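Below is one structure, written out as C-alpha cells; the observations come after it.
What follows draws every value from the coordinates through simple rules; no lab data is involved. All of these numbers come straight from a predicted model, not from anything done at the bench. Using ideal geometry, Cβ is built from the backbone for each residue, glycine included, and neighbour counts are taken over all protein chains shown.
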Amino acid sequence: MNGNRVTSPRSYYLGAAALIAAGLVLGIGLSAGLDLPRISRAAGSDVQLAAVSNSAPIPDSPFVPVVDRALPAVVFIDVTKKVGGDGGDGSDEFMRRFFGQPMPRQQRVPSSGSGFIIDDQGRILTNNHVVRDAESIKVTLNDGRTFKATTVGTDPATDVAVIKIEGSKLPVLPLGDSDKLRIGDWAIAIGNPLGDLRGSVTVGIISAQGRSNLNIFGGTPDYQDFIQTDASINFGNSGGPLCNIRGEAIGINTAINTSGQGIGFAIPINLAKHVAEQLVAHGTVKRAMMGVSLANMTPEIAEGFGLGDQQQGVLIQSIVEKSPAEKAGLKRNDVIVDMDGTPVIDRDKFRLKIADTPAGTKVKLGFLRDGKRMTADVVLTDRDDALANNAPKVQDSADTEDIGMSVRDMTSSERAELKVDSGVRVTDVADGSEAEDKDIQPGDVIEEVNRMPVKNAADFKAQVAKVRKAGKPLVMIINRNQTTRFETLKLDK
C-alpha cells in the first residue's frame, strides 16, 4: 500500500448529499430575499381547473314524475270580460281605491287564470271567478297549442266551473281522492301565476282541511270546505290543480291570504268532481234544502242549555215557514246531533251534506230538545233561492267575559216591522264591556234568553238574574235587521 488515502464510496455520497442540501437552503434564502418571481406551471399554456367528481348517482326528485304527468294537462286561460261600475266582481272597488273613480259600465278587460283537462273530450276544470262574465275564452296548452273554449257550466256557490275545447290527443290529468288526504301530505301546485309565469310548479304540504268562513275578494262561495296548503299560490294560479305525490289532482287552487305567507286554499277535488258532473249533465247544479239557519254548538251554549258534556251538534237558529224542517216538527233551539246515524259535528259540513243530497230524499235527523233525545224524518226539497234568501243569515259568535247594557220594551210597530212576537231593544252598551266585545249594539233586539222568549225589559232582567243564580252562561238570540244570531255572555255571580 502506498501513502495515498483512499476515500470510501459511502463517504463520497454522504458528502455530495450534504453539499446539495446546503445549496438548496442557500438558494431558497436568496430567492426569498430577492423576491424573485415564481414560475407558474401553467405559464405559456391554457389554464385548466381540476374538477371534483363524485361517482355517486344523483338521487331522483320525487316531484319530477308528478310534473311529467300533470304539467301537460295544465292550461293557461285567457279571458276577455265585461265589467263595470256595478259588475259585482270587485272591479269597481279596485278602481275606486287605486284611481279614485269606478270603471265605465261594460268595460272590456283582459283576465287570466289556470285550469286542467279532466277527460279526452276536452273538458277543463277551473274556478267560476276565472271565467265569470266572459265574452271570449282562449286556452293555451303547455305544448303551445291554443283553442277557443266554450262554457259548459258555472257554479258560484262553490266557485267551480267547467269549460270545453275541441282538440285531438289532449293530455288528461287524473283525479285523486281528497277524502283520503292527511295533514302533512305532499301538495304540489301547478299553474300560471301572475299571468306570465306559465307552467310554474311549487311544493308544500297539506296544512289543514275543512277551512270555511273565508271572505274571498271577487266573490265568496256559499259552500266552503277548503284545503289549506303552504305550496305557493299567487294571482293567476286560480283554477289550476293541487296535486298529490302520485300526480293526481286533489284540489282546485282558488284563493290566497294576501296578508300572510304560505296560506293558500283549494277546493277539494271530490267536491269539484261532484259539481262538475252536474254541470256537464244539466248545465247547472241542483241542491236540496231543509229550510233552517244553523250555528255551531259551543261549550258556552251547551252549558247554558244545561246539556253538560254534550257539545256535539249544530243548533237551529231559525226555521223557514212551510219548509221541510217545519213540516217535520223541528223547532228553534233544537240541537241536531246526527243524520242517518252519522254524527253531525260541523255546521258547514252538514249544510254541504244536505245540499248534495238529492231532493226528495228522506233523511232521519237525531236531535236534542230540552236535553231529550228525539228523531224526525225530513223530506228534502229543491233549493228555492227566493225561499233561502228569506232565511235569516248566520253570524259567528265570539267569547267575552262581562255584560254591560241596558234594554227597553219594544213598541207594537217595532214588533210588526221586525216580524217578532217578543223581545227587548238594546238602548246602550258600556265601553269595554262583554256586550261591546260581543258586538252587541244599540238597536239590536234580544228575542230569547236561554230558550225563553223575552216579553219586556222586566222579564229580561228577571231571566238574567235567574241564569246568574244558576251559574250558567247567558245564551241570547239577537236580531239585527231581521238577521238572527246566538250570543253567549258569562255572568258573575
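Other residues within the sphere of radius under 14 Å centred on the Cβ of GLN278, judged by their own Cβ, net out at +1 (K and R +1, D and E -1). Relative to the Cα centre, the charge distribution of segment 405-489, modelled as +1 at Lys and Arg Cβ and -1 at Asp and Glu Cβ, gives a dipole magnitude of about 460 debye. Candidates ALA276, THR220, ASN257 compared by Cα position along the dipole of segment 208-313: farthest toward the positive end lies ALA276, with charges placed on Cβ.
Straight distance only, please: which lysines reach the Cα of LYS362 with their own Cα at less than 30 Å, same-chain residues fewer than 8 apart left out? Reachable lysines: LYS180, LYS273, LYS286, LYS322, LYS327, LYS331, LYS349, LYS353, LYS372, LYS393.
Placing +1 on the Cβ of every Lys and Arg and -1 on the Cβ of every Asp and Glu, with nothing else charged, gives segment 288-389 a dipole about its Cα centre of roughly 240 debye.
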